[in-house]
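**Student:** Sending over a structure as structure tokens; questions will come in a sec.
The values are calculated or read from the model by the stated rules, or taken from the named source; none is laboratory data. Please read all numbers here as calculations on a predicted model, not as lab measurements. For neighbour counting, all protein chains shown are included, and Cβ atoms are generated from backbone atoms with ideal geometry for every residue, glycine included. Just so you know, the surface numbers come from the protein's heavy atoms only, side chains and all, with ligands and any DNA or RNA stripped out. Shrake-Rupley method; radii C 1.70, N 1.55, O 1.52, S 1.80 Å.
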Amino acid sequence: MYAVQLIIDGIVIGALYAIVALGQVLIFRTTRVLNFAQGAIATISTFTAWLVMDGTGAMYWWLAFSLAIALGAIMGVLVGALLTFVMAKASVLEKSTACLGVFQLLGWGARVIFGDSPKRKIAPVEGNIVFGGLMINTNGLVIAAICAVAIVLVFLVISKTRMGLGMRALAQDEETARQYGVPARRLILTSWAISSAIGSAAGVLVGSMLQVDHSVMTTIMIMSFAALVLGGFTSSIGAVVGGVTLGVASSLVSGFLAPSYKNSIVFALILLFLTIRPDGLIGKKSIVVQESGPTPETLPSLPSGRNRLVLIGGGLLALAILVLPMFPLPFPISSFSVMIAMTIAVISLSVFMGYVGEISLGHGALVALGAYSAGVMMKVWPTVPYPVVLIVAAAVAGLAGAILGWATIRLAGLYLAVATLVLTFVVLEVVLQARDLTGGATGLYVPSPVLGVKVTGDVGKYYVAVGTLVAVIIIVQLVLRSRIGQRWVAVRDAPIAAMANGVAVRRARVSGFIFSSLIAGVAGAVFSFIVSHVGPTQYGLFFSIFLLLAVALGGAGSILGAFLGAAFISLLPVALNRTSGMTDGIMGLTLILVIAFLPGGVAGLVERIRTRSLLKRRVDTEQELSTTSTSSGSVIKK
Amino acid sequence: MTLQVRDLSVIYGGNTALDGFNLTVASGELVGLIGPNGAGKSTAVNAMTGIIKPNSGSVQIDQKELVGASPARMLRSGMARTFQQAQLWRGMSVIQNLTVPVLRLGRRAAEQRAREVAELFGITRLLDVSAALLPYGARRLVEVSRAMMTEPRIVMLDEPGAGLTPNEKDSLRQALHTLSESNVSVVLIDHDMDLVMNTCKRVTVLDAGRVLAEGTPIEIRENPEVITAYLGVSK
């Protein structure tokens, strides 16, 4: 009977995961974008519903609920319009990243408008029904019923209406669909409206169970993304089955196994499942490696030979970094040490996004793994030599990267991207639970690094960080100029051609993610001794979004760009005197603006200016070739 | 070296894209594979080179069964290919593009080989140019060169003539003969009848996933079924 009770509870919560995941599928099928802003949209809608209900009774619940849905739809259309019209030229990965910027901006807005404090829950009905030894919450019944109605409605729209037909056509091929008169943009905006309305409904429903606060959607969003990984990003049925399965699974795990490690166990089960059945719950067996479309022109070329511009810029920068502590500075030197550590973290993500062409949305989780392994290592063995700390931190993060990468890097890169996002919350859970090792919520004091002697001063630590950064840059350059880098770019630019030319596509991608994870681990180690502390919230979702912003701003793959981006995200908060809310808003807005108006970041801008001279060379090449092609026959004949 | 393909079939979600495909290519032979759009030519190449796994049939190189093997293994067994739309890696220079198939040899040996092949196809002066900056004809030449990097004994060229100027087509034709003289077998896939008829000694015609006819260019030209498939009218 206990198990039945758990399953019923699981179905109610799973139904919420399911409708949010379904909303994501609607947008993904028409645009290939994942709407990371959905959580923030739903939070604002939910707070609005609370405002309506505050002071009135439960009889106004349906009014508040409808208003929240309408508001969600409007916000969804606005975000959709931003992506469709303002960012028309951005790639789908960039658009998904922009949604994270919207998420951050709206989250900041919600705090400004509604205040930080949580509000009481807004339930339409109270009480329980007892039925043959089972206790069913009436509110839970309402939730399940509403979710069921939402699911049926969406399925009817997709399968029975002309609009649904158009959406399915769009999902197949936007270009063809447009040519046959499918109103693509209208349908895309409609899917944004429906999706955000569903998300807002889910928000109000969660608010009816617990309370209304700024993290009302966090768990739901993460679990719905996990449901998508399980069920496939394009399958409506997969989203629903995946969502309900996860709800029931986590309810059972928490009831029978270990409630405190619930998310971690469920996540491990998902990874295991994906390893056994790589096409997911519903997915059909895939035939070919999917062509991901033409490479965005903003992605960098492999370094070859010497680029004078980069050498001069790099030399000047290196000099500035070396002499920095000798000058009067606006901020304490430790802020600059943080900037150096941040540069390493940005490089780890930037190399992956630039040269492997994939995206990792929860890179902070890997940094956290590095920071905690370094912290724990230095705590239990205070005289451990610094290089050993680096190696251990890199190895732990690298191992996580290897497992995650192997299980999830498949057709499109989004599986990995979303899996890293989920990893963020798994790491948080583990850190909070394993108190003996990690210090739980208060975190861990990290002693000074040992390089022959203990390096205690801030300036000394700064130079240790700089030395580590230099080593990282050298290693990155060596790898990019090696066969490994060539395989990454081959797979990035034309995966099928890479396959036909003997490159193991999956192995190349996974190796790219492992390399990135190793460096992220090193960054974590550097952070840990600079801040002298590792805590559970330092490297959460916002940290990951900051990294994405830094990469977008500096330009994926560019080392100099990584410095610029890291300086922006680490020094701006210091300059703004840590009025953290403000910082979040500015960061979110900057991310949106950069993606909309500065494709390829600063490095992309420099590259475009340089290409003007190269285009001249292209004309020369063309002339040269018209002479060679007439002579090549004779060359071959000889 | 001979390539022998028997009864190769590929089914995409219920649609038979390739139905009992047969092809024999002897050492140094130049064989054409033609057919209208959608006849299954590219599917046949993809199935033979391991890009897609065929549902049934056999692909043998020198009596060694290779059906269903990975593209990498096909490459090691001596079979290379090009693509309908030249697929260069735009983030690399031409020489970096050329070395990828032979990375196992080590950087120095791979670059040495790249220079030799580049000389053969007259693209030596392009070696350090970024692939993203190449004009169309040059991309084709680089792709054919890349296919030759592993010293294959059989190359499949998927519409190499598409979009080339008459001049460029001429040099392509000569290059094909040179390959064939050095005992490299070539399978030329195209729907350009003229190019195939003027270059190949034997031609296989595909239509709707099936082999419609096989024979010398003259036999093919006079085959009524082929004429129907191409012109849509019967005599």
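**Student:** From the list A:VAL531, A:VAL526, which one is more than 22 Å from the chain's Cα centre (by Cα), at pLDDT 95 or above, more than 14 Å from chain B (Cβ to nearest Cβ) and over 26 Å from B:VAL100 (Cα atoms)?
**Tutor:** Details: A:VAL531 fails: at pLDDT 95 or above.
Being more than 22 Å from the chain's Cα centre (by Cα), at pLDDT 95 or above, more than 14 Å from chain B (Cβ to nearest Cβ) and over 26 Å from B:VAL100 (Cα atoms) holds for just one of A:VAL531, A:VAL526, which is A:VAL526.
**Student:** Also, quick follow-up: Between A:LEU437, A:LEU432, A:LEU444, which is over 11 Å from the mean Cα position of the chain (by Cα), at pLDDT 85 or above and open to solvent by less than 20 Å² (accessible area, probe 1.4 Å)?
**Tutor:** The match here is A:LEU444.
**Student:** Here is a further query. Which residue out of B:ALA72, B:ALA80, B:ALA147, B:ALA114 is touching a strand residue (DSSP E or B) at 6+ places or on another chain (Cβ under 7 Å), at pLDDT 90 or above and either more than 10 Å from chain A (Cβ to nearest Cβ) or in a helix (DSSP H, G or I) (or both)?
**Tutor:** B:ALA147
**Student:** To continue, here is another question. Yes or no: A:MET378 open to solvent by 30 Å² or more (accessible area, probe 1.4 Å) and not assigned by TED's automatic domain parsing to the domain that holds A:PHE225?
**Tutor:** Considered against the rule, which asks whether it is open to solvent by 30 Å² or more (accessible area, probe 1.4 Å) and not assigned by TED's automatic domain parsing to the domain that holds A:PHE225, A:MET378 comes out as no.
**Student:** Is it the case that the stretch A:184-192 has a residue that's more than 12 Å from A:THR30 (Cβ to Cβ) and either assigned to a helix (DSSP H, G or I) or at pLDDT 85 or above (or both)?
**Tutor:** no
**Student:** Suppose we keep only residues that are open to solvent by 10 Å² or more (accessible area, probe 1.4 Å) and free of Cβ contacts under 8 Å to residues at least 60 places away in the same chain within the stretch A:480-499. Which one would you say is nearest to the other protein chains (Cβ to nearest Cβ)?
**Tutor:** Only one residue fits best here, namely A:ARG483.
**Student:** Which members of the stretch A:114-130 meet the condition of being more than 22 Å from A:SER45 (Cβ to Cβ) and not small (Gly, Ala, Ser)?
**Tutor:** The first filter runs over the stretch A:114-130 and keeps only residues more than 22 Å from A:SER45 (Cβ to Cβ), leaving A:126-130.
If the condition is that a residue be more than 22 Å from A:SER45 (Cβ to Cβ) and not small (Gly, Ala, Ser), then A:GLU126, A:ASN128, A:ILE129, A:VAL130 are the ones that fit.
**Student:** In the stretch A:159-211, what residues are among the hydrophobic types (A, V, I, L, M, F, W, C) and touching a Leu at 6+ places or on another chain (Cβ under 7 Å)?
**Tutor:** A:MET163, A:MET167, A:LEU170, A:ALA177, A:VAL182, A:ALA184, A:LEU187, A:ILE194, A:ILE198, A:ALA202, A:LEU205, A:VAL206
**Student:** Could you tell me which residue of the stretch A:541-573 is nearest to the chain's Cα centre (by Cα), considering only residues that are closer than 18 Å to A:CYS99 by Cβ and open to solvent by 10 Å² or more (accessible area, probe 1.4 Å)?
**Tutor:** So, considering only residues that are closer than 18 Å to A:CYS99 by Cβ and open to solvent by 10 Å² or more (accessible area, probe 1.4 Å), the one nearest to the chain's Cα centre (by Cα) is A:LEU541.
**Student:** Any residue in the stretch A:302-330 that is more than 14 Å from chain B (Cβ to nearest Cβ) sitting within a Cβ distance under 9 Å of a residue that is at pLDDT below 80 and open to solvent by 50 Å² or more (accessible area, probe 1.4 Å)? List the pairs, counting only those 6 or more apart or interchain.
**Tutor:** A:LEU309/A:ARG610
**Student:** A further question follows. Any residue at all in the stretch A:128-145 that's in contact with a Lys or Arg (Cβ under 7 Å, 6 or more places away or on another chain), open to solvent by 50 Å² or more (accessible area, probe 1.4 Å) and not in a helix (DSSP H, G or I)?
**Tutor:** The answer is no, given that none of the residues of the stretch A:128-145 is in contact with a Lys or Arg (Cβ under 7 Å, 6 or more places away or on another chain), open to solvent by 50 Å² or more (accessible area, probe 1.4 Å) and not in a helix (DSSP H, G or I).
**Student:** Now a separate question. Which residue, of B:GLY137, B:GLY122, is within 12 Å of another protein chain (Cβ to nearest Cβ), over 20 Å from B:ILE51 (Cβ atoms) and in a loop (DSSP other than H, G, I, E, B)? Steps first, please.
**Tutor:** Values: B:GLY137 fails: in a loop (DSSP other than H, G, I, E, B).
That would be B:GLY122, the only listed residue that is within 12 Å of another protein chain (Cβ to nearest Cβ), over 20 Å from B:ILE51 (Cβ atoms) and in a loop (DSSP other than H, G, I, E, B).
**Student:** Every residue in the stretch A:389-424 that is open to solvent by 50 Å² or more (accessible area, probe 1.4 Å) and in a helix (DSSP H, G or I), please.
**Tutor:** Matches in the stretch A:389-424: A:ILE391, A:ALA395, A:VAL396, A:LEU399, A:ILE403, A:TRP406.
**Student:** Of the residues B:LEU88, B:LEU66, which is at pLDDT 90 or above and more than 12 Å from chain A (Cβ to nearest Cβ)? Break it down into steps so the answer makes sense when it comes.
**Tutor:** Details: B:LEU88 fails: more than 12 Å from chain A (Cβ to nearest Cβ).
That would be B:LEU66, the only listed residue that is at pLDDT 90 or above and more than 12 Å from chain A (Cβ to nearest Cβ).
**Student:** With the requirement that a residue be hydroxyl-bearing (Ser, Thr, Tyr), in a loop (DSSP other than H, G, I, E, B) and either under 18 Å from A:GLY354 (Cβ atoms) or out of contact with any strand residue (DSSP E or B) (no Cβ under 7 Å at 6 or more places or on another chain) (or both), what does the stretch A:532-552 give you?
**Tutor:** A:THR537, A:TYR539, listed by residue number.
**Student:** Quick test of your reading of the structure: A:PRO449 fulfils all but one of (1) within 20 Å of A:VAL392 (Cα to Cα); (2) open to solvent by 20 Å² or more (accessible area, probe 1.4 Å). Name the failing condition by number.
**Tutor:** (2)
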